[in-house]
Amino acid sequence: MSILEVKNLTVYFKTFAGLSKVVENISFTLGKGESLALVGESGSGKTTVLKTVLGVLPSNAMVKGKLLFRGINLLETGNEELSKIRGTEITYIPQEPLAALNPLYTIEDHFLDRLILSGKSKTGILSYIRLRRKISPKLKNIMLKYLEKVKIPDPERVLKSYPMQLSGGMLQRILIALAIVSNPSILLADEPTTALDVVTQKEIIELLKELQRDLGLSILYVTHDLGVARTIADKVIVMYAGHMVEEGKTSKVLANPLHPYTKGLVDSIPKLVGGTLHGIEGGLIDYINPPKGCRFHPRCPKARDICRRERPKPVEINGRKVYCWLYGEE
Amino acid sequence: MPDYILEVKNLKKYFPITAGIFNRIIGWVKAVDGVSFSVERNTTYAIVGESGCGKSTLARTIIGIYEPTSGSIFFNGIDITKLKRRERIRILRRMSIVFQDPTSSLNPRHKVVDIITAPLKVHKIGSPSERVEKAKELVKIVELDESFLNKYPHELSGGQRQRVAIARALALEPELILLDEPTSALDVSVQAKILNLLKQLQRKLKLTYILITHNLGVVRNFADHVSVMYAGKIVETITVNKIFSEPKHPYTRALIDAIPSVTLEEEELVKKLGLKIKPGEPPSLSNPPPGCRFHPRCPLATERCKKEEPKPVLISSDHVVFCHLFS
């Protein structure tokens, strides 16, 4: 059963220079307990998709399409109902842990914020001061329980610490704890390991996989690292310039990429087993005047006439989907 | 006898920790603590480690941004730490550096032509028109168009900016270039292009590279020799071929284990060579653990590792490991 269904999602931004057509016709489903990774280079629109699901786009955005969460279209729900879902049912792990936490508040304060103030509007300093006096042992136990869940050593001390006193890996664990404290069904993770070192990255990946299994979470990842996508997600969607180019099981897509862009991307990664690197000619497109047809055609080594004229339709090959005219004829 | 362009011997760089109104020194951050290695001419030497292990400090000490606390750096056989300032500057001209983030290493108020000719201006080489000629030549070498000379950095993409930074590094016709994470701010498809360019330049201009990186994949495809650093010290020095067939130090194996693999082949290699370590963080550089600095996280640590600092063990002529397991 799918828990999140995105149908023909299109996001444009109004800018002074014109209409920036950043995301076009994205469709996917996320099932219960499933993990899906949106992969692409910087500027490919993957974070925009995530922000749309979370409902935190800037005011100049124009969104079309459907975002169905358990059958409710999130794009049409009122603010009040939305705030019940957002932050409780759908939560978010940001990329940069030190920038995501308020440096003036302790970890305990951050937990209080999530546990009591979550979803409430118009909370000020007074409600915070009132809160500070009300920390019951029960609340504290919940905090400690979640810190233990994300395997933080010495949680008592950590609760009293400020973000700057803790390391990047620890902070990322705390952000994960803050995200799961409301028992969400969907977790959105925007490059959750990019700011970390490889050894710490591995620990965080293992933690996220464990939580996904134990809590039955559905996780939507955004990452630029194909290696991380492969270890962390069951399914992958490769995005290029705001379009989907390929979709399928992660291990299969990376072992045998069908779309020329995916292939170029896989061939660009310096691998431990050696081999020559290729790279892809050219750079990202101009979103205000995007190329017609397939957006990848100016950089594609196999581009033909039809690629320049018409946008490719999805073709199903062995349970995978690829958006490319190379496979269109059959 | 191999021809070494650079020999670093027991190099140390400590930063003082100060407190109080008189800036009393209360301790030292031992960022680089007794590092020795030698770089052969015309090869690429990689230094790998996690952030905070001292690898960037090492690069900056070699090129003279930081004054070394002790130790010596032989460049073409001359100990540059013992030279007078003017002499040293003359010699350091033969070395240059490419920084990690091209957005912050290029002055946003300067045009590309000024950025590239800046080193020539500083060292008072050539007349203004000669410098512009040189800049034209340099942009061509890094495969950019001459029209880029009159652009500002914000008009360029990340890859193009890094090419400008490389052109600037080549301006003084150096023999040795330090590459401090040259591609980690770039996308993979661009990274591959930049790495290929650097390789091609190395062949054409007979350059020697010191590559500072945390990415073992880049090391595999780009370097010849590699030193693995942990908490300010080198733990293993090895050729690149051997690090992916017979890594010895537990930390090296832990680094390999942590790599998220992209292909099945890679996954098998990681499984074969990798070693799981205890969760934890690298130690504080101001108060490192006694004995081997890796022992609190090492799954193979013995009593001896907690007390005695490991001495270099020669496994073969080009493979040195600092670990008690092999002595």
Check your understanding: Scanning the range B:152-178 for residues that are more than 14 Å from B:P108 (Cβ to Cβ) and acidic (D, E), which turns out surrounded by the fewest Cβ atoms within 10 Å (Cβ to Cβ)?
Key -> B:E173
Exercise for review: Search the range A:185-204 for residues that are closer than 19 Å to B:A254 by Cα and more than 10 Å from chain B (Cβ to nearest Cβ) and pair each with any residue that is in a helix (DSSP H, G or I) and not small (G, A, S) when their beta-carbon atoms are under 9 Å apart and the residues are at least 6 apart or on different chains.
Suggested key: A:T194/A:Q201; A:T194/A:V228; A:I204/A:Q172; A:I204/A:R173; A:I204/A:I176
Study note, to complete from the structure: Of A:R309, A:R295, the only residue that is surrounded by 18 or more Cβ atoms within 10 Å (Cβ to Cβ), closer than 22 Å to A:L19 by Cβ, charged (D, E, K, R) and away from chain B (no Cβ under 12 Å) is A:R295
Practice item. With respect to B:N196, determine if the residue is open to solvent by 20 Å² or more (accessible area, probe 1.4 Å), more than 15 Å from the chain's Cα centre (by Cα) and within 14 Å of another protein chain (Cβ to nearest Cβ). Key: yes
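Scan the range B:180-191 and give yes if some residue there is more than 14 Å from every other protein chain (Cβ to nearest Cβ), outside any helix (DSSP H, G or I) and in contact (Cβ under 8 Å) with a residue 24 or more places away in the chain, otherwise no. Steps first, please.
Narrowing the range B:180-191 to residues more than 14 Å from every other protein chain (Cβ to nearest Cβ): B:180.
Okay, now just the ones that are also outside any helix (DSSP H, G or I), so B:180.
The next check asks that each one be in contact (Cβ under 8 Å) with a residue 24 or more places away in the chain; those that pass are B:180.
The answer is yes, given that some residue of the range B:180-191 is more than 14 Å from every other protein chain (Cβ to nearest Cβ), outside any helix (DSSP H, G or I) and in contact (Cβ under 8 Å) with a residue 24 or more places away in the chain.
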Review point. Name the residues in the range B:201-214 that are open to solvent by 10 Å² or more (accessible area, probe 1.4 Å) and more than 12 Å from chain A (Cβ to nearest Cβ), would you?
Key: B:Q202, B:R203, B:K204, B:L205, B:K206
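How many of the residues in the range A:212-222 are open to solvent by 10 Å² or more (accessible area, probe 1.4 Å) and either within 21 Å of A:G264 (Cα to Cα) or touching a Pro at 6+ places or on another chain (Cβ under 9 Å) (or both)?
1
Rundown of residues vs (1) more than 11 Å from every other protein chain (Cβ to nearest Cβ); (2) surrounded by 22 or more Cβ atoms within 10 Å (Cβ to Cβ); (3) within 26 Å of the chain's Cα centre (by Cα), yes/no style:
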position	(1), (2), (3)
A:S251	no, no, yes
A:A255	no, no, yes
A:H259	yes, yes, yes
A:G274	no, no, no
A:H278	no, no, no
A:E281	no, no, no
A:I285	yes, no, yes
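Considering only residues that are free of Cβ contacts under 8 Å to residues at least 40 places away in the same chain and either within 14 Å of chain B (Cβ to nearest Cβ) or not in a strand (DSSP E or B) (or both), look in the range A:23-67 and name the one that is least open to solvent (accessible area, probe 1.4 Å).
The extreme case among them is A:G55.
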Practice item. Would you point out the residue of the range B:270-299, among those that are charged (D, E, K, R) and open to solvent by less than 70 Å² (accessible area, probe 1.4 Å), that is nearest to the other protein chains (Cβ to nearest Cβ)? Key: B:R297
Review point. Does A:Y162 satisfy the criteria of being hydroxyl-bearing (S, T, Y) and open to solvent by less than 50 Å² (accessible area, probe 1.4 Å)?
Key: no
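The values are calculated or read from the model by the stated rules, or taken from the named source; none is laboratory data. These numbers come from a predicted model, not from an experiment. Cβ coordinates were reconstructed from backbone atoms using ideal geometry, including for glycine residues, and neighbour counts include every protein chain displayed. Just so you know, the surface numbers come from the protein's heavy atoms only, side chains and all, with ligands and any DNA or RNA stripped out. Shrake-Rupley method; radii C 1.70, N 1.55, O 1.52, S 1.80 Å.
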